[in-house]
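What follows is a short report on a single structure.
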Amino acid sequence: MLDNKRDFKINDRDLFSSNIYIIGSSELGPTNVPTPINSEKKLYSTFGQSGNLVAAYKKIKESSLASNIILVKTTGTHAEAKIKVNSLDNGLILKAKASSKIYNNIKISIDTEGLTFEFPSELGGKSRRYTFSDYPIFDLLEKAINYDTENNLNYVYAKLNVYPGNLTMDSMNVSELYMYGGDDGLNISKNDLYNCLETTYKLLEGEKVDLIVPLEAFMDDISPKNFGNDQTQYNSIFYKDSRDYLNLKLNDSNNATFYEQLLNYCLKQMNLGFTTHGIMGYNNISEFEAFDEDSYISSVLSLSLKINRLNLSLKPYWFLISVVAGDLKFSNKEISNGYLTYAGTVANSCLRSNITNKTIDKNLSLYNEFSDNNKAILSDMGIVVFKYNVLKNACVIMNSVTTSDKINNLHLLYNVRIFELTYSHIKKLLDSYVGKNIKNLVENNALIDRISKTLSLLVNKNILSEFKIKVDLISEEELKIYINLKTDYTLKPLTIIGSMKC
(Lines give C-alpha, C1' and ligand atoms only; values in the text may rest on other atoms or scores of the structure.)
Protein backbone atom coordinates (compact mmCIF):
# COMPACT_ATOMS: atom_id res chain seq x y z
CA MET A 1 0.00 0.00 0.00
CA LEU A 2 1.29 3.44 -0.83
CA ASP A 3 2.36 5.88 1.85
CA ASN A 4 0.31 9.01 1.18
CA LYS A 5 2.85 11.11 3.04
CA ARG A 6 5.20 10.52 0.13
CA ASP A 7 2.74 11.67 -2.52
CA PHE A 8 4.11 14.63 -4.44
CA LYS A 9 1.68 17.04 -5.99
CA ILE A 10 2.48 18.72 -9.29
CA ASN A 11 1.49 22.31 -8.54
CA ASP A 12 0.89 24.90 -11.25
CA ARG A 13 3.92 26.85 -10.03
CA ASP A 14 6.04 23.79 -10.89
CA LEU A 15 5.16 24.37 -14.54
CA PHE A 16 7.09 27.66 -14.65
CA SER A 17 10.74 28.46 -14.17
CA SER A 18 9.83 30.61 -11.22
CA ASN A 19 13.08 32.44 -10.70
CA ILE A 20 15.98 33.80 -12.70
CA TYR A 21 19.36 34.56 -11.13
CA ILE A 22 21.38 37.27 -12.86
CA ILE A 23 25.06 37.41 -11.90
CA GLY A 24 27.05 40.59 -12.53
CA SER A 25 28.48 43.83 -11.13
CA SER A 26 27.22 47.13 -9.75
CA GLU A 27 28.50 50.26 -8.04
CA LEU A 28 26.78 49.36 -4.76
CA GLY A 29 25.28 46.28 -3.19
CA PRO A 30 26.64 43.32 -1.20
CA THR A 31 28.88 40.81 -2.93
CA ASN A 32 27.55 37.25 -3.24
CA VAL A 33 24.23 37.95 -1.53
CA PRO A 34 21.23 36.89 -3.67
CA THR A 35 18.80 39.81 -3.61
CA PRO A 36 15.23 39.61 -4.99
CA ILE A 37 14.37 42.82 -6.84
CA ASN A 38 10.78 43.73 -7.66
CA SER A 39 11.03 47.45 -8.39
CA GLU A 40 13.43 50.02 -9.78
CA LYS A 41 13.30 51.83 -6.44
CA LYS A 42 14.74 48.78 -4.67
CA LEU A 43 17.15 48.24 -7.56
CA TYR A 44 18.69 51.70 -7.22
CA SER A 45 18.69 51.77 -3.42
CA THR A 46 20.47 48.40 -3.28
CA PHE A 47 22.78 48.38 -6.29
CA GLY A 48 23.11 52.04 -7.25
CA GLN A 49 22.78 53.60 -10.69
CA SER A 50 25.53 51.88 -12.68
CA GLY A 51 26.79 48.39 -13.46
CA ASN A 52 25.60 45.59 -15.71
CA LEU A 53 23.24 44.24 -13.01
CA VAL A 54 21.30 47.52 -13.11
CA ALA A 55 21.22 47.56 -16.91
CA ALA A 56 20.19 43.89 -17.09
CA TYR A 57 17.22 44.36 -14.77
CA LYS A 58 15.98 47.29 -16.83
CA LYS A 59 16.34 45.31 -20.08
CA ILE A 60 14.24 42.46 -18.74
CA LYS A 61 11.60 44.81 -17.41
CA GLU A 62 11.55 46.74 -20.70
CA SER A 63 10.74 43.45 -22.38
CA SER A 64 7.61 43.25 -20.19
CA LEU A 65 8.96 40.15 -18.50
CA ALA A 66 7.74 40.18 -14.90
CA SER A 67 9.87 37.25 -13.75
CA ASN A 68 10.95 36.62 -10.18
CA ILE A 69 14.36 38.23 -10.57
CA ILE A 70 17.22 37.67 -8.13
CA LEU A 71 20.35 39.75 -8.64
CA VAL A 72 23.74 38.58 -7.37
CA LYS A 73 26.75 40.88 -7.40
CA THR A 74 29.75 38.66 -8.07
CA THR A 75 32.48 41.31 -8.13
CA GLY A 76 33.75 43.80 -5.57
CA THR A 77 35.29 43.75 -2.10
CA HIS A 78 33.76 44.86 1.18
CA ALA A 79 35.73 47.43 3.15
CA GLU A 80 36.68 46.28 6.64
CA ALA A 81 38.51 47.27 9.79
CA LYS A 82 40.02 45.11 12.52
CA ILE A 83 40.04 46.46 16.05
CA LYS A 84 42.38 45.13 18.71
CA VAL A 85 40.56 43.94 21.81
CA ASN A 86 42.89 43.49 24.76
CA SER A 87 45.70 41.39 23.24
CA LEU A 88 43.73 40.04 20.25
CA ASP A 89 44.48 42.02 17.07
CA ASN A 90 41.20 41.13 15.33
CA GLY A 91 38.97 40.91 18.38
CA LEU A 92 36.28 43.02 16.67
CA ILE A 93 35.96 42.88 12.88
CA LEU A 94 33.90 45.54 11.13
CA LYS A 95 32.75 44.92 7.55
CA ALA A 96 30.85 47.28 5.23
CA LYS A 97 27.34 46.21 4.24
CA ALA A 98 28.16 46.63 0.52
CA SER A 99 31.20 46.46 -1.72
CA SER A 100 32.25 49.94 -2.84
CA LYS A 101 35.11 52.39 -2.41
CA ILE A 102 32.88 54.90 -0.63
CA TYR A 103 32.92 52.75 2.51
CA ASN A 104 36.69 53.27 2.76
CA ASN A 105 35.85 56.80 3.94
CA ILE A 106 34.05 55.63 7.08
CA LYS A 107 36.01 56.87 10.10
CA ILE A 108 35.98 54.91 13.37
CA SER A 109 36.91 56.76 16.56
CA ILE A 110 37.46 54.97 19.86
CA ASP A 111 37.70 56.91 23.11
CA THR A 112 37.45 55.96 26.76
CA GLU A 113 33.66 56.17 26.75
CA GLY A 114 32.60 54.69 23.43
CA LEU A 115 32.93 54.01 19.73
CA THR A 116 31.81 56.40 16.98
CA PHE A 117 31.27 55.88 13.24
CA GLU A 118 31.57 59.00 11.06
CA PHE A 119 30.09 58.59 7.60
CA PRO A 120 31.25 60.45 4.46
CA SER A 121 28.94 62.80 2.55
CA GLU A 122 28.16 60.02 0.02
CA LEU A 123 26.59 58.11 2.92
CA GLY A 124 24.73 61.06 4.42
CA GLY A 125 27.55 62.69 6.38
CA LYS A 126 26.10 61.74 9.77
CA SER A 127 27.60 59.79 12.67
CA ARG A 128 26.54 56.93 14.95
CA ARG A 129 27.86 56.52 18.49
CA TYR A 130 27.82 53.52 20.83
CA THR A 131 28.74 54.25 24.45
CA PHE A 132 30.23 51.55 26.63
CA SER A 133 27.78 52.41 29.41
CA ASP A 134 24.86 51.52 27.09
CA TYR A 135 26.62 48.42 25.75
CA PRO A 136 28.81 47.16 28.61
CA ILE A 137 29.59 43.78 27.01
CA PHE A 138 30.68 42.97 23.45
CA ASP A 139 27.63 40.83 22.75
CA LEU A 140 25.37 43.87 23.22
CA LEU A 141 27.68 46.12 21.21
CA GLU A 142 27.79 43.68 18.28
CA LYS A 143 24.01 43.25 18.26
CA ALA A 144 23.40 47.01 18.42
CA ILE A 145 25.72 47.73 15.47
CA ASN A 146 24.21 44.95 13.35
CA TYR A 147 20.64 45.95 14.25
CA ASP A 148 21.32 49.52 13.17
CA THR A 149 22.86 48.35 9.90
CA GLU A 150 19.85 46.14 9.15
CA ASN A 151 17.66 49.20 9.72
CA ASN A 152 19.79 51.60 7.62
CA LEU A 153 21.12 53.56 10.60
CA ASN A 154 24.66 52.28 10.07
CA TYR A 155 26.63 50.88 7.14
CA VAL A 156 28.84 48.37 8.92
CA TYR A 157 28.37 44.87 10.32
CA ALA A 158 30.26 43.70 13.40
CA LYS A 159 31.66 40.25 14.13
CA LEU A 160 33.25 39.17 17.41
CA ASN A 161 36.34 37.06 17.85
CA VAL A 162 36.30 37.47 21.62
CA TYR A 163 34.06 36.00 24.30
CA PRO A 164 30.66 37.79 23.96
CA GLY A 165 30.51 38.45 27.68
CA ASN A 166 33.79 40.39 27.78
CA LEU A 167 33.50 43.96 29.04
CA THR A 168 33.78 46.74 26.45
CA MET A 169 35.13 49.37 28.85
CA ASP A 170 38.95 49.68 28.72
CA SER A 171 39.20 46.76 26.24
CA MET A 172 40.09 48.84 23.16
CA ASN A 173 42.86 51.39 22.74
CA VAL A 174 41.93 55.02 22.17
CA SER A 175 42.48 55.44 18.43
CA GLU A 176 41.17 56.61 15.06
CA LEU A 177 41.08 54.46 11.94
CA TYR A 178 39.34 54.14 8.60
CA MET A 179 37.72 51.24 6.85
CA TYR A 180 39.90 49.95 4.02
CA GLY A 181 39.97 47.63 1.02
CA GLY A 182 36.52 48.38 -0.36
CA ASP A 183 36.02 48.26 -4.13
CA ASP A 184 32.94 48.14 -6.37
CA GLY A 185 34.45 45.69 -8.87
CA LEU A 186 33.01 47.53 -11.86
CA ASN A 187 36.16 47.46 -13.97
CA ILE A 188 37.73 44.03 -13.78
CA SER A 189 39.38 41.75 -16.32
CA LYS A 190 37.79 38.63 -17.78
CA ASN A 191 40.25 36.56 -15.74
CA ASP A 192 39.11 38.26 -12.53
CA LEU A 193 35.47 37.81 -13.54
CA TYR A 194 36.08 34.08 -13.94
CA ASN A 195 37.55 33.87 -10.43
CA CYS A 196 34.65 35.87 -8.99
CA LEU A 197 32.13 33.58 -10.69
CA GLU A 198 33.89 30.53 -9.24
CA THR A 199 33.15 31.84 -5.75
CA THR A 200 29.58 32.82 -6.59
CA TYR A 201 28.72 29.48 -8.20
CA LYS A 202 30.09 27.63 -5.18
CA LEU A 203 27.95 29.72 -2.83
CA LEU A 204 24.85 29.07 -4.97
CA GLU A 205 25.26 25.28 -4.96
CA GLY A 206 22.16 23.67 -3.50
CA GLU A 207 20.01 26.79 -3.95
CA LYS A 208 16.77 26.65 -5.94
CA VAL A 209 17.99 28.38 -9.09
CA ASP A 210 15.76 27.74 -12.11
CA LEU A 211 17.64 29.89 -14.62
CA ILE A 212 21.06 31.48 -14.23
CA VAL A 213 22.59 34.17 -16.45
CA PRO A 214 26.19 35.32 -15.94
CA LEU A 215 26.55 38.83 -17.41
CA GLU A 216 29.37 39.60 -19.86
CA ALA A 217 30.76 36.07 -19.45
CA PHE A 218 30.51 35.33 -23.16
CA MET A 219 31.12 32.26 -25.29
CA ASP A 220 33.68 34.07 -27.43
CA ASP A 221 35.70 35.50 -24.54
CA ILE A 222 38.62 33.31 -25.55
CA SER A 223 42.13 34.41 -26.45
CA PRO A 224 43.04 33.66 -30.11
CA LYS A 225 46.21 32.03 -28.75
CA ASN A 226 44.06 29.24 -27.34
CA PHE A 227 42.82 28.09 -30.74
CA GLY A 228 45.95 26.31 -31.94
CA ASN A 229 45.70 25.39 -35.62
CA ASP A 230 42.31 27.10 -35.87
CA GLN A 231 43.74 30.51 -34.97
CA THR A 232 44.29 31.46 -38.60
CA GLN A 233 40.55 31.15 -39.22
CA TYR A 234 39.91 34.04 -36.86
CA ASN A 235 39.64 37.26 -38.77
CA SER A 236 41.49 40.20 -37.21
CA ILE A 237 38.29 42.20 -37.65
CA PHE A 238 36.76 40.17 -34.83
CA TYR A 239 39.77 39.45 -32.60
CA LYS A 240 42.40 41.99 -31.58
CA ASP A 241 45.37 42.08 -29.24
CA SER A 242 43.88 45.14 -27.56
CA ARG A 243 40.78 43.26 -26.40
CA ASP A 244 40.47 41.65 -23.00
CA TYR A 245 40.27 37.87 -23.19
CA LEU A 246 39.84 35.06 -20.73
CA ASN A 247 43.21 33.30 -20.81
CA LEU A 248 43.41 31.34 -17.56
CA LYS A 249 44.61 27.75 -17.68
CA LEU A 250 42.88 25.08 -15.63
CA ASN A 251 45.84 22.75 -16.11
CA ASP A 252 48.61 22.16 -18.64
CA SER A 253 46.19 21.14 -21.40
CA ASN A 254 42.88 22.89 -20.76
CA ASN A 255 42.00 26.58 -20.97
CA ALA A 256 39.29 28.05 -18.79
CA THR A 257 36.02 29.02 -20.52
CA PHE A 258 32.88 30.65 -19.14
CA TYR A 259 30.80 27.99 -20.90
CA GLU A 260 32.43 25.04 -19.14
CA GLN A 261 32.40 26.92 -15.84
CA LEU A 262 28.63 27.50 -16.08
CA LEU A 263 28.04 23.94 -17.28
CA ASN A 264 29.91 22.52 -14.27
CA TYR A 265 27.71 24.55 -11.94
CA CYS A 266 24.48 23.36 -13.61
CA LEU A 267 25.74 19.76 -13.48
CA LYS A 268 26.48 20.03 -9.74
CA GLN A 269 22.98 21.39 -9.27
CA MET A 270 21.49 18.44 -11.15
CA ASN A 271 23.45 15.98 -9.00
CA LEU A 272 22.02 17.72 -5.92
CA GLY A 273 18.48 17.35 -7.28
CA PHE A 274 18.02 20.93 -8.51
CA THR A 275 17.10 21.77 -12.09
CA THR A 276 19.15 24.78 -13.14
CA HIS A 277 19.48 25.89 -16.77
CA GLY A 278 22.27 28.25 -17.79
CA ILE A 279 21.88 30.95 -20.46
CA MET A 280 24.71 32.98 -21.97
CA GLY A 281 25.48 35.01 -25.09
CA TYR A 282 28.21 36.31 -27.38
CA ASN A 283 29.91 39.68 -27.49
CA ASN A 284 27.83 42.26 -29.35
CA ILE A 285 28.15 42.16 -33.11
CA SER A 286 27.76 45.93 -33.08
CA GLU A 287 31.16 46.26 -31.38
CA PHE A 288 33.02 44.89 -34.39
CA GLU A 289 34.41 47.42 -36.85
CA ALA A 290 33.10 45.45 -39.80
CA PHE A 291 30.65 42.62 -40.06
CA ASP A 292 30.63 39.85 -42.61
CA GLU A 293 27.93 37.35 -41.72
CA ASP A 294 29.46 34.19 -43.19
CA SER A 295 32.90 34.96 -41.75
CA TYR A 296 31.38 35.72 -38.36
CA ILE A 297 29.48 32.44 -38.23
CA SER A 298 32.36 30.29 -39.47
CA SER A 299 34.93 31.84 -37.15
CA VAL A 300 33.46 33.50 -34.07
CA LEU A 301 30.41 31.32 -33.49
CA SER A 302 31.36 27.86 -34.69
CA LEU A 303 34.98 27.86 -33.59
CA SER A 304 34.30 29.35 -30.18
CA LEU A 305 31.61 26.71 -29.67
CA LYS A 306 34.16 24.06 -30.58
CA ILE A 307 36.78 25.40 -28.15
CA ASN A 308 34.26 25.70 -25.33
CA ARG A 309 33.36 22.04 -25.71
CA LEU A 310 36.79 20.42 -25.89
CA ASN A 311 36.12 18.58 -22.63
CA LEU A 312 34.18 15.66 -24.11
CA SER A 313 33.48 14.16 -20.68
CA LEU A 314 30.87 16.93 -20.32
CA LYS A 315 29.20 16.16 -23.67
CA PRO A 316 26.24 14.26 -22.12
CA TYR A 317 25.35 17.44 -20.23
CA TRP A 318 25.54 20.06 -22.99
CA PHE A 319 21.75 20.31 -22.80
CA LEU A 320 22.12 22.26 -19.53
CA ILE A 321 23.17 25.41 -21.44
CA SER A 322 21.52 27.64 -24.03
CA VAL A 323 23.58 30.17 -25.97
CA VAL A 324 22.14 33.15 -27.83
CA ALA A 325 23.59 34.83 -30.95
CA GLY A 326 22.33 38.04 -32.52
CA ASP A 327 21.83 41.56 -31.19
CA LEU A 328 18.65 43.45 -30.35
CA LYS A 329 17.90 47.18 -30.34
CA PHE A 330 16.25 48.54 -27.20
CA SER A 331 14.09 51.64 -26.89
CA ASN A 332 17.03 53.72 -25.62
CA LYS A 333 18.83 52.78 -28.87
CA GLU A 334 21.23 50.55 -26.99
CA ILE A 335 22.32 47.46 -28.91
CA SER A 336 23.21 44.26 -27.09
CA ASN A 337 23.09 40.48 -27.38
CA GLY A 338 19.60 39.06 -26.85
CA TYR A 339 20.47 36.53 -24.15
CA LEU A 340 18.71 38.49 -21.39
CA THR A 341 15.52 38.83 -23.42
CA TYR A 342 15.63 35.11 -24.17
CA ALA A 343 16.20 34.23 -20.51
CA GLY A 344 13.28 36.42 -19.41
CA THR A 345 11.03 34.83 -22.01
CA VAL A 346 11.94 31.34 -20.83
CA ALA A 347 11.33 32.30 -17.20
CA ASN A 348 7.86 33.61 -18.06
CA SER A 349 6.81 30.63 -20.18
CA CYS A 350 4.81 27.66 -19.00
CA LEU A 351 6.51 24.28 -19.36
CA ARG A 352 3.64 23.13 -21.55
CA SER A 353 4.35 25.84 -24.11
CA ASN A 354 7.03 25.71 -26.79
CA ILE A 355 9.08 28.91 -26.89
CA THR A 356 9.94 28.49 -30.57
CA ASN A 357 8.27 31.28 -32.61
CA LYS A 358 7.29 33.10 -29.40
CA THR A 359 6.99 36.88 -29.81
CA ILE A 360 9.31 39.14 -27.86
CA ASP A 361 8.37 42.69 -26.87
CA LYS A 362 7.36 44.85 -29.85
CA ASN A 363 9.53 47.71 -28.59
CA LEU A 364 12.56 45.58 -29.45
CA SER A 365 13.91 45.20 -32.97
CA LEU A 366 16.64 43.21 -34.64
CA TYR A 367 20.01 44.86 -35.06
CA ASN A 368 20.93 42.14 -37.51
CA GLU A 369 19.02 39.20 -38.94
CA PHE A 370 20.96 36.24 -40.25
CA SER A 371 20.12 34.77 -43.63
CA ASP A 372 17.71 31.83 -43.67
CA ASN A 373 20.55 29.45 -44.50
CA ASN A 374 22.71 30.71 -41.64
CA LYS A 375 19.81 30.64 -39.21
CA ALA A 376 19.37 26.95 -40.02
CA ILE A 377 23.10 26.35 -39.54
CA LEU A 378 23.08 28.10 -36.18
CA SER A 379 20.02 26.19 -35.03
CA ASP A 380 21.69 22.89 -35.90
CA MET A 381 24.75 24.03 -33.94
CA GLY A 382 22.58 24.60 -30.89
CA ILE A 383 22.60 28.40 -30.94
CA VAL A 384 19.43 30.43 -30.30
CA VAL A 385 18.64 33.21 -32.80
CA PHE A 386 15.83 35.69 -33.43
CA LYS A 387 13.98 36.46 -36.64
CA TYR A 388 11.34 38.85 -37.93
CA ASN A 389 7.91 37.27 -38.37
CA VAL A 390 5.89 39.01 -41.07
CA LEU A 391 2.54 37.61 -39.94
CA LYS A 392 3.08 38.76 -36.36
CA ASN A 393 4.83 41.95 -37.43
CA ALA A 394 7.28 41.39 -34.59
CA CYS A 395 10.55 39.72 -33.64
CA VAL A 396 10.25 36.14 -32.48
CA ILE A 397 12.51 33.46 -31.07
CA MET A 398 13.26 31.30 -34.08
CA ASN A 399 14.53 28.28 -32.16
CA SER A 400 14.51 27.40 -28.47
CA VAL A 401 17.46 25.02 -28.47
CA THR A 402 20.31 23.98 -26.20
CA THR A 403 23.93 23.30 -27.11
CA SER A 404 23.26 19.56 -27.11
CA ASP A 405 23.70 17.76 -30.45
CA LYS A 406 20.86 18.08 -32.95
CA ILE A 407 20.34 14.31 -33.07
CA ASN A 408 19.70 14.33 -29.31
CA ASN A 409 16.18 14.87 -27.97
CA LEU A 410 17.68 17.28 -25.44
CA HIS A 411 18.59 19.64 -28.28
CA LEU A 412 15.13 21.18 -27.75
CA LEU A 413 14.70 23.28 -24.61
CA TYR A 414 11.09 22.10 -24.28
CA ASN A 415 12.25 18.51 -23.77
CA VAL A 416 15.01 19.63 -21.39
CA ARG A 417 12.57 21.47 -19.15
CA ILE A 418 10.26 18.44 -19.04
CA PHE A 419 13.24 16.18 -18.33
CA GLU A 420 14.46 18.46 -15.54
CA LEU A 421 11.03 18.73 -13.91
CA THR A 422 10.56 14.96 -13.99
CA TYR A 423 14.08 14.31 -12.72
CA SER A 424 13.52 16.68 -9.80
CA HIS A 425 10.32 14.94 -8.70
CA ILE A 426 11.78 11.46 -9.08
CA LYS A 427 14.84 12.38 -7.02
CA LYS A 428 12.65 13.80 -4.24
CA LEU A 429 10.64 10.59 -4.28
CA LEU A 430 13.71 8.35 -4.09
CA ASP A 431 15.22 10.47 -1.31
CA SER A 432 12.04 9.96 0.72
CA TYR A 433 12.68 6.20 0.78
CA VAL A 434 16.26 6.39 2.06
CA GLY A 435 16.70 3.97 4.96
CA LYS A 436 13.82 1.72 3.90
CA ASN A 437 14.10 -1.97 3.01
CA ILE A 438 14.94 -1.82 -0.71
CA LYS A 439 14.14 -5.47 -1.38
CA ASN A 440 10.63 -5.11 0.04
CA LEU A 441 10.03 -1.95 -2.01
CA VAL A 442 10.76 -3.93 -5.19
CA GLU A 443 9.01 -7.18 -4.31
CA ASN A 444 5.70 -5.54 -3.35
CA ASN A 445 5.92 -3.07 -6.30
CA ALA A 446 5.49 -0.13 -3.89
CA LEU A 447 8.27 1.89 -5.50
CA ILE A 448 7.13 1.27 -9.09
CA ASP A 449 3.55 2.12 -8.13
CA ARG A 450 4.67 5.36 -6.51
CA ILE A 451 6.80 6.42 -9.48
CA SER A 452 3.95 5.54 -11.86
CA LYS A 453 1.54 7.67 -9.86
CA THR A 454 3.88 10.65 -9.99
CA LEU A 455 4.50 10.32 -13.73
CA SER A 456 0.79 9.82 -14.39
CA LEU A 457 0.20 13.26 -12.89
CA LEU A 458 2.55 14.67 -15.52
CA VAL A 459 0.72 12.79 -18.27
CA ASN A 460 -2.62 14.15 -17.01
CA LYS A 461 -1.22 17.69 -17.23
CA ASN A 462 -0.12 17.06 -20.85
CA ILE A 463 3.53 17.37 -19.91
CA LEU A 464 4.48 13.77 -20.72
CA SER A 465 2.84 11.69 -23.44
CA GLU A 466 3.94 8.29 -22.13
CA PHE A 467 6.47 6.55 -19.89
CA LYS A 468 7.92 3.13 -19.02
CA ILE A 469 9.64 2.06 -15.80
CA LYS A 470 12.12 -0.73 -15.14
CA VAL A 471 13.69 -1.56 -11.78
CA ASP A 472 16.79 -3.74 -11.34
CA LEU A 473 17.64 -5.03 -7.88
CA ILE A 474 21.44 -4.98 -7.82
CA SER A 475 21.64 -6.32 -4.26
CA GLU A 476 19.60 -6.21 -1.08
CA GLU A 477 21.10 -2.78 -0.48
CA GLU A 478 21.06 -1.25 -3.97
CA LEU A 479 18.75 -0.87 -6.94
CA LYS A 480 18.71 0.97 -10.26
CA ILE A 481 15.67 2.55 -11.87
CA TYR A 482 15.32 3.16 -15.62
CA ILE A 483 12.56 5.53 -16.72
CA ASN A 484 11.81 6.17 -20.39
CA LEU A 485 9.84 9.34 -21.09
CA LYS A 486 8.22 10.73 -24.21
CA THR A 487 6.84 14.19 -24.95
CA ASP A 488 5.08 15.59 -28.00
CA TYR A 489 8.50 16.68 -29.30
CA THR A 490 10.58 13.51 -28.82
CA LEU A 491 11.38 11.14 -31.65
CA LYS A 492 12.67 8.52 -29.23
CA PRO A 493 12.32 8.18 -25.44
CA LEU A 494 14.38 10.20 -22.98
CA THR A 495 15.94 8.05 -20.29
CA ILE A 496 16.36 8.87 -16.61
CA ILE A 497 18.54 6.50 -14.60
CA GLY A 498 18.23 6.67 -10.83
CA SER A 499 19.77 4.63 -8.06
CA MET A 500 19.09 3.91 -4.41
CA LYS A 501 21.32 2.51 -1.70
CA CYS A 502 20.23 1.41 1.72
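Give me the residue from the range 406-421 that is outside any helix (DSSP H, G or I) and either loosely packed, with under 15 Cβ neighbours inside 10 Å or of a type in the set (A, V, I, L, M) (or both) and, out of that set, farthest from the chain's Cα centre (by Cα). The extreme case among them is Ile407.
As for the range 267-276, it holds at least one residue that is among the polar types (S, T, N, Q), assigned to a helix (DSSP H, G or I) and at negative phi.
Applying a threshold of 7 Å to beta carbon distances and a minimum spacing of six or more residues, or different chains, the list of pairs starting in the range 375-394 at a residue that is within 18 Å of Leu320 (Cα to Cα) and ending at one that is assigned to a helix (DSSP H, G or I) and of a type in the set (D, E, K, R) reads Val385/Lys375.
Residues that are modelled with pLDDT of 95 or more and of a type in the set (Gly, Ala, Ser) were ranked within the range 13-34; the one that is nearest to Glu216 (Cα to Cα) is Gly24.
Conditions (1) in a helix (DSSP H, G or I); (2) outside the structural domain of Leu88 (by TED's automatic domain parsing); (3) aromatic (Phe, Trp, Tyr); (4) within 30 Å of Lys249 (Cα to Cα), marked per residue:
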site: Lys143; (1), (2), (3), (4): yes, no, no, no
site: Asn146; (1), (2), (3), (4): yes, no, no, no
site: Thr149; (1), (2), (3), (4): yes, no, no, no
site: Val162; (1), (2), (3), (4): no, no, no, no
site: Gly165; (1), (2), (3), (4): no, no, no, no
site: Leu186; (1), (2), (3), (4): no, yes, no, yes
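Of all residues in the range 437-465, those being farther than 20 Å from Leu494 by Cβ, in contact (Cβ under 8 Å) with a residue 12 or more places away in the chain and not in a helix (DSSP H, G or I) number 1.
Would you mind stating whether Ser424 is buried (at least 21 other Cβ atoms within 10 Å of the Cβ), outside the structural domain of Leu494 (by TED's automatic domain parsing) and of a type in the set (Ser, Thr, Tyr)? No; evaluated as a whole, the condition is false for this residue. Within the range 262-278, track down each residue that is crowded, with 19+ Cβ neighbours inside 10 Å and polar (S, T, N, Q). Selection gives Gln269, Thr275, Thr276.
Check the range 282-304 and report whether any residue there is touching a residue at least 60 places away in the same chain (Cβ under 8 Å) and under 17 Å from Ile23 (Cα atoms). Yes, that holds for at least one residue. Scanning the range 347-362 for residues that are within 23 Å of Asn393 (Cβ to Cβ) and aliphatic (A, V, I, L, M) gives Ile355, Ile360. In summary, Ala56 fulfils each of the numbered conditions (1) outside any helix (DSSP H, G or I); (2) in contact with a Leu (Cβ under 7 Å, 6 or more places away or on another chain) with the single exception of condition (1). Total residues in the range 141-188 satisfying the condition of being surrounded by fewer than 16 Cβ atoms within 10 Å (Cβ to Cβ) and free of Cβ contacts under 8 Å to residues at least 60 places away in the same chain: the figure is 13.
The values are calculated or read from the model by the stated rules, or taken from the named source; none is laboratory data. Nothing here was measured: the structure is a model prediction, and the numbers come from that model. So basically every Cβ, Gly included, is an ideal-geometry build from the backbone, and we count neighbours across all protein chains shown.
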